[in-house]
Amino acid sequence: ETLELMESIDEEGEQWARLLDVLTQRARAAADRDDKAVVLRRKAVVATHRLDDAKTAIRSWSEVLDVCPDDVEALDALAEIHERQKSFAELIEVLGRRAGTIESVPERADVHKRMAHLLEDELKKPDAAMEYWRKVLDAGEDVESLGALSRYYERTGAFEQLVDVLARQAPYAE
């Protein structure tokens with residue numbers, strides 16, 4: 001009750017750093033996992049939107065994931081922060097976890113496509129990118145994935161795979 005009062009006072013007074021401390025104490029004192037997750041989410045939102053402190057926000061959203069490993073809000077928030085920070089390796093990790101929470105095959109393929117682009121364009125890891133282009137293709141025919149795979153197979157001399165990909169691309173040729 002005292003912590004809740006302190007929380008209210010700090011929020012009204014816009015004492016965001018102090019509010020984070022109070023929320024940390026409230027999370028430690030939480031009766032159960034669900035209560036703790038609610039308080040940690042609130043702490044992460046304050047760190048993200050009130051303090052605009054990426055390091056604290058990342059730590060806070062990670063605490064939410066410690067309690068609720070598949071928390072979509074936390075994964076999406078971390079992805080946004082890592083993208084803003086251009087922390088692409090961390091972004092790939094978060095997107096991989098996020099893909100695991102998506103049941104829709106086309107939506108999961110979109111996340112894999114994003115991962116493939118990041119790996120190829122930002123991290124310069126074409127071998128790792130190809131794994132995700134293949135996953136996109138496993139979800140259904142995709143011209144962009146076929147193009148990426150054909151360029152990769154041509155560059156690496158994997159001509160048998162290249163022939164297969166080119167055959168799959170043929171119906172899309174103009």
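Assorted remarks:
- The residues of the range 52-96 that are of a type in the set (Ser, Thr, Tyr) and within 24 Å of ALA30 (Cβ to Cβ), listed by number, are THR56, SER60, SER62.
- Qualifying residue in the range 123-146 (condition: over 17 Å from ALA99 (Cβ atoms), at pLDDT 95 or above, open to solvent by less than 30 Å² (accessible area, probe 1.4 Å) and in a helix (DSSP H, G or I)): yes
- Residue count, the range 89-122 (criterion: open to solvent by less than 50 Å² (accessible area, probe 1.4 Å), not in a helix (DSSP H, G or I) and not polar (S, T, N, Q)): 1
- Positions within the range 147-174 being open to solvent by less than 40 Å² (accessible area, probe 1.4 Å) and free of Cβ contacts under 8 Å to residues at least 24 places away in the same chain, in sequence order: GLY147, LEU149, SER150, TYR153, GLY157, ALA158, LEU162, VAL165
- Flag if ALA17 is surrounded by fewer than 19 Cβ atoms within 10 Å (Cβ to Cβ), over 19 Å from the mean Cα position of the chain (by Cα) and farther than 26 Å from LEU123 by Cα: yes
- Out of ASP71, ASP52, ASP10, sole residue that is over 14 Å from the mean Cα position of the chain (by Cα), of a type outside the set (Gly, Ala, Ser) and either crowded, with 16+ Cβ neighbours inside 10 Å or over 30 Å from ASP121 (Cα atoms) (or both): ASP10
The values are calculated or read from the model by the stated rules, or taken from the named source; none is laboratory data. Just so you know, these numbers come straight off a predicted model, no measurement behind them. Positions of Cβ are backbone-derived with ideal geometry, glycine not excepted, and every protein chain shown enters the neighbour counts. Calculation scope for accessible area: heavy atoms of the full protein, side chains included, ligands and nucleic acids excluded. Shrake-Rupley method; radii C 1.70, N 1.55, O 1.52, S 1.80 Å.
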